[in-house]
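Below: the structure, in structure tokens.
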Amino acid sequence: MADFGRIQFEGVEGIRTGWKDHITSSFVNYRIDDTLIDCGPLRQWQYVKPFMAEKSIRQVLITHFHEDHTGNVRHIRDEFDVLASGHENTCRQLKKGFSISVLEKVFWGSTPKITIQPFPEQIVLNDGSEVVPVHVPGHCHDMQCFFVPDKGYMFTGDLYIASAIKFLHEKENLGQQIDDIKNILNYDFQTMFCPHRGVVEDGKQALNRKLEYLLELCGNAQHLSGKGMSVKEVTNQLLGPDSLAAYLTRFNFSKRGLIKGCLDVQL
Ligand SMILES: [Zn+2]
């Protein structure tokens, strides 16, 4: 575990923490004035806490319930007296609690059960700019992107990560994710803030590249499958073979999962 340093873009500050300085092994907490976006994983609290303590935080907005985004919700409530807010599905999920794999427990840590509050009717930053939550349920049922029209910002939760993803979790819905990306591309933004990738200054173009990549992958996968190839064969041809990690997790998060998802998408 380590602090991989700060991120600064215009008025947005970030801190990247995690196991490795890599997109899937680390997490960026973003702060604009007195607003924090997501809470970071529980195991990174020792680094997130001093970052939090630098400025007084008025509101914490949650993109979705996953443990890397919500692990410190309770710490922030108990030590900084700020109760996070989220979509009603996020509130329900965090109140009920959720289980994660042993690997995820070691890696990020579990989010403790907690009651958070629903988003207020209007979310505003310190300077009066409005924050508009947009529901994008393809990654998980509660996920939100946060659009800041005055600044051309889009906080994308786990919608982006990379233009050319290679893996899909079995709980993700690829067809819905493609619809989510199309939906977000309708908004007038330039800069994308991804909690794994970091700040993407040509955000709209990057998200558009992801859409094109996914549509092409779906087309190719469906074409090969139509010729009688198995999912494993299509995966090997388009993405290369799955690693040992995919076998160990019983293909929960795998290349094969992404190809399966591609075969279910209606083009
Ligand atoms: Zn997630």
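The values are calculated or read from the model by the stated rules, or taken from the named source; none is laboratory data. Source: prediction; values computed, not measured. Note that we place each Cβ from the backbone using ideal geometry, even for glycine, and neighbour counts take in every protein chain shown.
Below are the figures for this structure:
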| quantity | calculated |
| --- | --- |
| Residue, farthest from GLY40 (Cα to Cα), within segment 84-94, restricted to residues that are within 15 Å of the ligand (Cβ to nearest atom) and part of a helix (DSSP H, G or I) | ASN89 |
| Criterion (within 14 Å of the ligand (Cβ to nearest atom) and outside any strand (DSSP E or B)) met by exactly one of ILE184, ILE178, ILE161 | ILE161 |
| Checklist (1) within 27 Å of GLY18 (Cα to Cα); (2) surrounded by fewer than 17 Cβ atoms within 10 Å (Cβ to Cβ); (3) at pLDDT 95 or above applied to LEU248, failing item | (3) |
| Elements of type helices (runs of 4 or more DSSP H) contained in segment 221-267, each with 2 or more residues being farther than 19 Å from GLU104 by Cβ and either touching a helix residue (DSSP H, G or I) at 6+ places or on another chain (Cβ under 7 Å) or in contact (Cβ under 8 Å) with a residue 60 or more places away in the chain (or both) | 231-238, 255-264 |
| Failed criterion for ILE76 (all others in (1) of a type in the set (A, V, I, L, M); (2) outside any helix (DSSP H, G or I); (3) in contact with a Cys (Cβ under 8 Å, 6 or more places away or on another chain) hold) | (2) |
| Filtered residues of segment 228-245 (kept if surrounded by 15 or more Cβ atoms within 10 Å (Cβ to Cβ) and either among the aliphatic types (A, V, I, L, M) or closer than 21 Å to ILE100 by Cα (or both)) | MET229, VAL231, VAL234, LEU238, LEU239 |
| Tally of residues being within 16 Å of the ligand (Cβ to nearest atom) and touching a residue at least 40 places away in the same chain (Cβ under 8 Å) across segment 66-83 | 7 |
| All positions within segment 202-220 that are closer than 22 Å to HIS69 by Cα and either touching a residue at least 60 places away in the same chain (Cβ under 8 Å) or surrounded by fewer than 17 Cβ atoms within 10 Å (Cβ to Cβ) (or both) | none |
